[in-house]
Amino acid sequence: MNATVAGYASRGAQPALEGEHRPVVVIGGGQAGLSMSYCLRQRGIDHLVLERDRVGYEWRERRWDSFCLVTPNWQCRLPGFPYQGDDPDGFMGRDEVVRYIEDYAASFNPPLVEHVTVTRLRRGRVFEISTTRGELTADQVVVATGPYHGPAIPRMAERLPEDVVQIHSSEYRNPDQLPPGEVLVVGSGQSGCQIAEDLHLAGRRVHLAVGDAPRVARFYRGRDVVAWLDAMGYYDKSIDEFDDQDSVRFRANHYVTGRDGGRDIDLRALAREGMRLYGRLIGISDATAHFAADLRRNLDNADAVSESIKDSIDEFIEAQGIDAPVEPRYTPVWEPADEPGELDLRRSRISAVVWCTGFRREYRWIEVPVFDGRGYPTHKRGVTSCPGLYFLGLPWQHTWGSGRFSGVARDAEYLAERIACGAAPAEETIRAVAS
Ligand SMILES: Cc1cc2nc3c(=O)[nH]c(=O)nc-3n(C[C@H](O)[C@H](O)[C@H](O)COP(=O)(O)OP(=O)(O)OC[C@H]3O[C@@H](n4cnc5c(N)ncnc54)[C@H](O)[C@@H]3O)c2cc1C
């Protein structure tokens, strides 16, 4: 019954899976799935990793050409494979990230099957896993299919004129991909701001619909803000320490960039250079985009969050008696003259819209009742109420770094321990599901 599974380093003919049984199956071969595999291997637990595409797919296929990590390289600390390069304070570009993940896989040769999609997961006596290459079973399953699935594009997109090209941020590669003309970027989270800046730097006239994403400074008082927050223990803070866990888990990321060695993204400065800013996009009709009158408030709030992070860094520096250079605070370099409510797409020669409106979750293939009614898995540190079913790599699964390079190792270690003892679901999870 046991087909030989090619390890990563010896990728060859990929085996049929029909009739296979494994103690553990990991679904998804991104950084989370590979981290899980590494931790299981260390404990001698037999398992398989099933990957729909190829290792590194997410970074290779769904990031733009000028993409750089926002988190410094030293935070890339996959289990057994911390960043070893010569630029720990730098920010890897897209291709370097792909290579980092490929090298990680090559470093321990996980039992990985690529180009196989899991189409259904059910719980019978054991887990029944349907794939594009046959049915297999497992005693325990880790879902590591990533934090971001399909594009979340609002229905109003249907109302755009047909000759306006529209793409999602995950499809954006570079300015030349878009037809000549001006571009409307919708959304000012990390992707929206970085893509708007990419287009702006290439000389395109950009119109940006600004939402309520917060921002953070890149550097403050002599260090990267991430380094300060690390020293302050922020990245060890568990989701349980927050009162409103949902708002922490689902809020937009702070915008900043790792481009050119790392710097702020200051939308006010971009506006001064010619980028057109608007409030949140609320509708499209007759080739006209309509915006909420919240641009001023959104810019102010983003700055206020950034300044409040600096406040806490100041407090930390003072409390610890650290000798750090003093730095003047941010003063707004531009203010909106008014709240532009409309943009006539034709008159402005808008040829393309880039939807930087985030992603939706896609777990319909999991036919196990562990979801909260909004499609989010109910779990405690990735352990669900269904014995043997785990999630890994969710944003704020346990800490800030859970859905990122920095914290997935800790979560994978935790789950590997649970899996090793065939763990029962966490008490808190059972209570949460029952209530
Ligand atoms: C634009 C952007 C920028 C980011 N920047 C940073 C950053 O600077 N620093 C940082 O630490 N993090 C960053 N992240 C967050 C995070 O590191 C990435 O989202 C990362 O890809 C998550 O890794 P993962 O393994 O959890 O999921 P993924 O990389 O999404 O991997 C999941 C894998 O599962 C596979 N899969 C999915 N469904 C199935 C199925 N049914 N069957 C089989 N296989 C399946 C997919 O093909 C994929 O390869 C960023 C995310 C985005 C979107």
Notebook entry, point to check: Anyone know which of Asp338, Asp103, Asp266 comes out most mobile in the 10 Å Cα GNM of the chain?
Noted result: Asp338
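Ranked highest first by the average count of other Cβ atoms within 10 Å around their residues, in what order do 344-351, 380-387 fall? Don't skip to the answer; put the middle values down first.
Working: 344-351: 15.4, 380-387: 21.4.
Order by mean packing, descending: 380-387, 344-351.
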Check: If you average the sequence gap of Cα pairs under 8 Å that are 6 or more apart and divide by the length of region 62-135, what percent do you get for the contact order?
Finding: 21
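Going by average Cβ neighbours within 10 Å, how do the peptides 90-99, 161-170 rank, with the highest at the top?
Details: 90-99: 18.9, 161-170: 15.5.
Answer by packing, highest mean first, reads 90-99, 161-170.
Using packing as a proxy for protection, rank 389-397, 124-132 so that the peptide with the highest average count of other Cβ atoms within 10 Å comes first. If you can, show how the numbers build up before the last one.
Numbers: 389-397: 24.6, 124-132: 16.0.
Output ranking for 389-397, 124-132: 389-397, 124-132.
Tell me, what is the percent relative contact order of region 151-359, built from C-alpha pairs under 8 Å that lie six or more residues apart? Spell out each step's value before the answer.
Details: 355 pairs, mean separation 76.8, N = 209.
Answer for region 151-359 is 37 percent.
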Check: Okay, helix-only estimate at 222 nm for the chain: each DSSP H run of n ≥ 4 adds -39500 (n - 2.57), divide by all residues, round to 500 deg cm²/dmol; what do you get?
Finding: -7500 deg cm²/dmol
Check: Using the beta-carbon distance between Arg347 and Asp372 and R0 = 30 Å, what value does 1/(1 + (r/R0)^6) give for FRET efficiency, to the nearest 0.05?
Finding: 0.10
Check: For the modelled label position 7 Å from the Cα of Asp260 along Cα-to-Cβ, which residues of region 315-352 have backbone nitrogen atoms closer than 18 Å?
Finding: 333-334
Check: Hey, what angle do you get for helix 408-420 against the long axis of the chain, alpha-carbon based, 0 to 90 degrees rounded to 10?
Finding: 20
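Considering only DSSP beta bridges whose two residues both sit in the chain, what percent are antiparallel, to the nearest 5?
Looking only at bridges with both residues in the chain, the antiparallel portion is about 45 percent.
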Margin query: Helix 295-320 against the longest principal axis of the chain: what's the angle in degrees, Cα atoms only, rounded to the nearest 10?
Written below: 70
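Enter the mean projected area of the convex hull around the alpha-carbon atoms of the chain, in nm², rounded to one decimal. Present the calculation step by step, with values, prior to reporting the outcome.
Details: hull surface 90.7 nm².
Dividing the Cα hull surface by four gives the mean projection, 22.7 nm².
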Check: Does region 301-435 classify as rounded, prolate or oblate by the C-alpha gyration tensor (a ≥ b ≥ c root eigenvalues; a/c under 1.5 gives rounded; else a/b over b/c gives prolate, otherwise oblate)?
Finding: oblate
Notebook entry, point to check: Gly283's amide H: which non-local residues (gap 5+, or another chain) put their own amide H closer than 5 Å, with H modeled 1.01 Å from N in plane and none for Pro or chain starts?
Noted result: His290
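Output the direction-averaged projected area (hull surface divided by four) of the convex hull of the alpha-carbon atoms of region 151-359, in nm². All intermediate terms of the calculation are to be shown ahead of the outcome.
Numbers: hull surface 50.8 nm².
Reported value for the Cα convex hull: 12.7 nm².
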Item checked: 0 to 90° range, to nearest 10: angle between helix 31-42 axis and the chain longest Cα axis -> 30
Next item on the list: On a C-alpha basis, how far is the centre of region 261-285 from the centre of region 150-209 in Å? Whole number, if you could?
Entry: 12
Item checked: Radius ratio Rg over Rh of region 228-294, counting only Cα atoms, Kirkwood formula for Rh -> 1.11
Margin query: Could you compute the net charge surrounding Glu20? Neighbours are other residues with a C-beta less than 14 Å from the C-beta of Glu20; K and R count +1, D and E count -1.
Written below: -3
Next item on the list: In whole Hz, with x marking every Gly and Pro, tabulate ³J(HN,Hα) for region 126-131 from phi via Karplus 6.51 cos²θ - 1.76 cosθ + 1.60, θ = phi - 60°.
Entry: 10, 7, 9, 10, 8, 9
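No value in this document is a laboratory result; all are computed from the given coordinates. In this text the structure is predicted, and so the values were computed from the model without any measurement. All Cβ positions, even for glycine, are placed from backbone atoms using ideal geometry, and neighbour counts span all protein chains on display.
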